[in-house]
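Down below is the structure, laid out as structure tokens.
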């Protein structure tokens, strides 16, 4: 970690790509709730006045995909006709059974696809996550909270954040810039919205982590105007925010997205397993910074690669670190699913504000040795 400055971004729950991630994961949750061993690989697309869902689902219970989608869109606040995308927009569904060739390997406990995954942890926040991505997530989360609970009722769905952090000797020392983007009612001037967001979003979020920033170092809506957000102005697709979903660019990312995939898909379960290992290595004082890589072959149960990098921050010999990792989680596909209790309907919540650094998820639990 030799950057003097590092910038990460996040997006609000109503961002078009995140709408799609939540649509896909809502289907996954419904399938797992009906039958925990369901197989799901669903992609969604949203655009002006249209929702499209496609993919594969194997579940013994019939699922009402349109009702699931309408529930998600309504929850996200897309209910007004002027948004040109609402919970009443037309929905097209193209979902069929999982391929028998893929099912053959997954049914035997093998990986549902090939691929490599990375997990990461660093001792610079209480979440053991990089500070820039944590702050970026908390900023959009706070914006959404104020919109939903009438703290700033003139805000509309959609939004983004970006934050620039200065580092010295691999440690974050100051926040240099905060960028927010959020659509709002045209009756509110952008300058007033900026003052409100600075006081009610930026300051409380940064102060919680021991930082602050001047109002002149904050930017809201770079063009000076944003009234209509969402799918009517920017088409969304599942899986386009994998850097936002993971570590904000500070760690390597694997080859696949997470949302819409059941845990037999190692793009998802493998990423959760490696985060669990990396976090526990750092939490147990074995290193200050850790990255774990695994790689799978479709149909095979165990990874062909397991590698741990501590960037010279290890406190014990690497062999001790590796032995510790081997004790706390079996990295076979079934081992991760069972060890982290992944057959639960918990995935729609993962699809906004990041998959990591949030204590409610099982891959964030710390074991002490």
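What follows is calculated from the coordinates using simple rules that are stated; it is not laboratory data. What you see is a predicted model; the values in this text were computed from it and never measured. Methodologically, a virtual Cβ is constructed for each residue, glycine included, from the backbone with ideal geometry; neighbour enumeration extends over all protein chains shown.
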Per the rule of 0.36 nm per residue minus the C-alpha distance, extending residue 35 to residue 234 adds in nm 68.2 nm
Label point 7 Å beyond Cα of residue 169 along Cβ direction - residues of segment 117-133 with amide nitrogen under 17 Å:
123-124
Starting from a Cα-only point model with no solvent, please compute log10 I(q)/I(0) by Debye for segment 223-357 at q = 0.15, 0.21 1/Å.
-0.77, -1.35
Which Rg and Dmax, in Å, describe the Cα atoms of segment 1-84?
16.1, 54
With no solvent and one equal point scatterer per Cα, compute the Debye intensity ratio I(q)/I(0) for segment 120-247 at 0.09, 0.17 Å⁻¹ and report its log10, rounded to two decimals.
-0.27, -0.93
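Going by how many other Cβ atoms sit within 10 Å of their own, how do 213, 40 line up, fewest first?
Numbers: 213 18, 40 27.
If I rank by nearby Cβ atoms, fewest first, I get 213, 40.
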Between 159, 151, 110, find the one with the highest GNM mean-square fluctuation for the chain; connect C-alpha pairs within less than 10 Å.
151
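For the chain, what is the percent of antiparallel DSSP beta bridges, rounded to the nearest 5? Provide the component values of the computation, followed by the final result.
On the way: 43 of 53 bridges.
The answer is about 80 percent antiparallel.
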If the elastic network links every pair of Cα atoms under 10 Å, which of 123, 302, 149 fluctuates the most in the Gaussian network model of the chain?
149
Rounded to the nearest Å, the spacing of the alpha-carbon centers of segment 292-329 and segment 105-163 is 24
Compactness of the chain as Cα Rg over 2.2 N^0.38 Å, two decimals:
1.00
Please build a GNM for the chain, connecting alpha carbons under 10 Å apart, and tell me which residue among 21, 245, 64 fluctuates the most.
64
For segment 125-183, Kirkwood radius (reciprocal of mean inverse C-alpha pair distance, Å)
12.6
Rounded to the angstrom and largest first, Cα extents along the principal axes for segment 1-154 equal 50, 44, 24
Estimate the FRET efficiency between residue 212 and residue 96 by the formula 1/(1 + (r/R0)^6), using the beta-carbon distance for r and 56 Å for R0, to the nearest 0.05.
0.60
Nitroxide proxy distance, nm - points 7 Å out along Cα→Cβ at residue 330 and residue 145
4.0
